[in-house]
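Here's the structure we're looking at; comments come further down.
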Amino acid sequence: MKNFITIVALGLFVALAAGAAFAGDHGRQGGKEYDERGGQYESTIYGTVRSLPGGMIGVWNVNGREVNVTKATLIKEKHGKAAVGAYVEVEGTLNGKILNAHKVEVKRDGREERKILGTIETLAAGKDGKWIVNGEEILVSRDTVIREKHGKAEVGAYVEVEGRRVGTTFSARTIEVKRGKR
C-alpha cells in the first residue's frame, strides 16, 4: 500500500510539472497577455472616465490612466453614453504608460447613483462646499445628509459618500462616517 501511494504521488508530481512546463510560456507574462505577433502587452482596465476630448478621438483619462482612443477604436455605448463620469471597460495594448484602446465599452452611465468609500482629505468651512474624499472632489450642499453615528465628519475620518457625478464633480446626497479619525 505504501508503494502504491508513493507511485501515485510521483505520477501526480510528474503530471503537474509537465502541465506547468507546457502552460508556462503560453502567452502570459507578468499578469498581462502578450501578443507575440505585435510584441506588445494586451491589457484590460475598468474605471470612471475623468476626461475626454471633444469628438472622442484623442487621449482620455480613465481613473488617472491615459487611454489613447483612435478612429479605429470600437466604442460600445449599449449601457450609456461615453462621457465624463461613465464607468467603462477598456481593452488595448500598452505602449509605455499609455493604453492604446482597441475597444471601449460603457458599463454604466455617468448619471447613475454611486458610492465612494474613503478618507476625508479636506473639508469646506462650515461643511457646505467642496470636500476631497480619496482624491475625488465632492460637492456638499445644505441638502446633503451627513450621518455621524460612528464619529465626526472631519479630516481623517473614513466615510461612505452616495451621490451622482455631474461633469467632473461628484454631488453628494448622503455622507456617512464609518469610523472616526485615526
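Confirm whether Glu137 is open to solvent by less than 70 Å² (accessible area, probe 1.4 Å), part of a strand (DSSP E or B) and either of a type outside the set (Val, Ile, Thr) or under 30 Å from Arg179 (Cα atoms) (or both). So that I can check it myself, show each step before the final result.
On the way: open to solvent by less than 70 Å² (accessible area, probe 1.4 Å): yes; part of a strand (DSSP E or B): yes; either of a type outside the set (Val, Ile, Thr) or under 30 Å from Arg179 (Cα atoms) (or both): yes.
Criteria met by Glu137.
Under the condition of being among the acidic types (Asp, Glu) and more than 16 Å from the chain's Cα centre (by Cα), which residue from the stretch 37-82 is least open to solvent (accessible area, probe 1.4 Å)?
First, the residues of the stretch 37-82 that are among the acidic types (Asp, Glu): 42, 66, 77.
Next, only the ones that are more than 16 Å from the chain's Cα centre (by Cα) stay: 42, 77.
Working: Glu42: 57, Glu77: 75 Å².
For the stretch 37-82, the residue satisfying everything is Glu42.
Taken over the stretch 111-130, residues that are free of Cβ contacts under 8 Å to residues at least 40 places away in the same chain, surrounded by 13 or more Cβ atoms within 10 Å (Cβ to Cβ) and of a type in the set (A, V, I, L, M, F, W, C) amount to 3.
Among the conditions (1) touching a residue at least 24 places away in the same chain (Cβ under 8 Å); (2) within 30 Å of Val59 (Cα to Cα); (3) in contact with an Asp or Glu (Cβ under 9 Å, 6 or more places away or on another chain), the only one that Gly135 does not satisfy is (1).
Which one of these is in contact (Cβ under 8 Å) with a residue 60 or more places away in the chain and open to solvent by less than 90 Å² (accessible area, probe 1.4 Å): Arg165, Arg173?
Values: Arg173 fails: open to solvent by less than 90 Å² (accessible area, probe 1.4 Å).
Checking each option against the conditions leaves just Arg165.
Pairing residues of the stretch 77-92 that are in contact (Cβ under 8 Å) with a residue 60 or more places away in the chain with residues that are hydrophobic (A, V, I, L, M, F, W, C) and open to solvent by less than 10 Å² (accessible area, probe 1.4 Å), at Cβ distances under 7 Å and at least 6 apart in sequence or on separate chains, gives Val84/Val49; Gly85/Val49.
Looking only at the stretch 93-110, count every residue that is closer than 28 Å to Thr144 by Cα and open to solvent by less than 60 Å² (accessible area, probe 1.4 Å) and tell me the total. Reasoning before the result, please.
Here is the first cut: in the stretch 93-110, the ones closer than 28 Å to Thr144 by Cα are 107-110.
Narrowing the set further to residues that are open to solvent by less than 60 Å² (accessible area, probe 1.4 Å) leaves 109-110.
So the answer is 2.
If you filter the stretch 111-134 down to residues that are of a type in the set (A, V, I, L, M) and outside any strand (DSSP E or B), you find that the one that is farthest from the chain's Cα centre (by Cα) is Ala125. The set of residues in the stretch 83-92 that are under 12 Å from Ser43 (Cβ atoms) and either surrounded by fewer than 20 Cβ atoms within 10 Å (Cβ to Cβ) or touching a Cys at 6+ places or on another chain (Cβ under 6 Å) (or both) comprises Glu89, Glu91.
The values are calculated or read from the model by the stated rules, or taken from the named source; none is laboratory data. Computed from a predicted structure; not experimentally measured. Cβ: placed from backbone, ideal geometry, glycine included. Neighbour counts: every protein chain shown. Note: areas computed on protein heavy atoms with side chains; ligands, DNA, RNA excluded. Shrake-Rupley method; radii C 1.70, N 1.55, O 1.52, S 1.80 Å.
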